[in-house]
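Okay, structure first, notes after.
Please treat every number below as a calculation from the coordinates, not as lab data. Computed from a predicted structure; not experimentally measured. Positions of Cβ are backbone-derived with ideal geometry, glycine not excepted, and every protein chain shown enters the neighbour counts.
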Amino acid sequence: MRVVSLLPSATEIVWALGAIDDLVGRSHECDFPADVAALPVLTRSRIDSKRGSSRAIDRAARAAIRETLPIYDVDVEQLRALRPDVILTQDLCEVCAPCFAAKATSTDRRWHGASVVNLGPRRLEHILVDIARTAEALDRREAGRQLVCRLRSRMNAVSARASEVTRRPRVLAVEWLEPLMVGGLWMPELVSLAGGEPLVTKAGDRTTQLTKEEVRALDPDVVFLKPCGFELSRGIEEAGLIRECVPPRASVFVANGNAFFNRSGPRIADSLEILAACTHPEVLGDLGKKHQSEFAQLRW
């Protein structure tokens, strides 16, 4: 089996299935596990997300979409030369990763003989379904079944502990800092499982943009920042962009939004544990210690 992944979360699924040796190519954003760095890189972005402010990155992405330019380029010649049996891609967000599925034939989702597996989860359950679909495509059905069971068990354990706490803090989960955007899709479900009340978005919703005045009016108990694509240090650097609209009484946390929350793969269980530790540190502090290098509380 020769597998190409054009999506970081798909690469993590392949790894969790024990099939990392089957990978022959990756996207430029696939960075976990570290061993994949040696694989051929098949994509590049027109936007340098490693530099510039949140506002600058947002403007560049909107300009590309407005001009109908693809944000990502795929090295099709190199991809063909790798002779993949399976190509893992997505069609959920054209800003986050290449949408290669459109290049496959509309009838059987194949590209030059390769099977194209298109991942596009909108809910938490969809992530688990996509893991099973990927396992089937890689002929690793039993490994997929076991992985899904382990993830369900971990998330159910967190939910059970959080449900014992009667207080449900109002949680604002911020996905981007300028403009300020509230996370949707599976994020509201994670907030609920962590024992909080999600503000603004419901499960399956798209990301919602808010003004700072609207954020101030919400008066959240917990503000949880997990900027998409930003590691912890960069999230902390830019967190001050929303300081003026956060109520003084709110608890403010920043998490590694590059590795967790925004990736629809096996580390979604880790994401829930981090969020639960921030929502109810008084009873779930052990989960905070487990992931202490991946999030920080801000003291403003």
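For the reader, a short list of remarks on this structure follows.
- Packing around the peptides 9-19, 134-144, taken as the average count of other Cβ atoms within 10 Å per residue, puts them in this order, highest first: 9-19, 134-144.
- ³J(HN,Hα) computed for each position of the stretch 146-157 - Karplus, 6.51 cos²θ - 1.76 cosθ + 1.60, integer Hz, glycine/proline x: 5, 5, 4, 4, 5, 5, 4, 4, 5, 5, 5, 5
- More than 31 angstrom apart: percent of Cα pairs within the chain: 29 percent
- Centroid-to-centroid separation of the stretch 163-195 and the stretch 1-35 [C-alpha atoms, Å]: 29 Å
- Relative contact order of the chain, pairs being alpha-carbon contacts under 8 Å that are 6 or more residues apart, as %: 15 percent
- Angle between the chain longest axis and helix 54-66 axis [Cα atoms, degrees, rounded to 10]: 40 degrees
- Proximal lysine pairs, the chain, alpha carbons under 26 Å, eight or more residues apart or interchain: 7
- Candidates Ser49, Phe260, Met155 compared by Cα position along the dipole of the chain: farthest toward the positive end lies Met155, with charges placed on Cβ.
- For the stretch 166-298, the equivalent ellipsoid built from the Cα gyration tensor has semi-axes of 19, 16, 15 Å, listed from largest to smallest.
- Hypothetical label at Ala37: residues of the stretch 258-291 whose amide nitrogen lies under 20 Å (7 Å Cα-Cβ projection): 258-260
- Model label sites at Asn156 and Ile65, defined 7 Å from Cα along the beta-carbon direction, differ in position by 3.8 nm.
- Label-point separation, Ile236 to Lys202 (7 Å along Cα→Cβ), nm: 3.8 nm
- When the Cα convex hull of the stretch 102-256 is projected onto planes of every orientation, the mean area is 11.5 nm².
- Subtracting the Cα-Cα distance of Ser293 and Arg122 from 0.36 nm times their residue separation leaves 58.8 nm of extension gain.
- DSSP beta bridge pairing in the chain, given as percent antiparallel to the nearest 5: 40 percent
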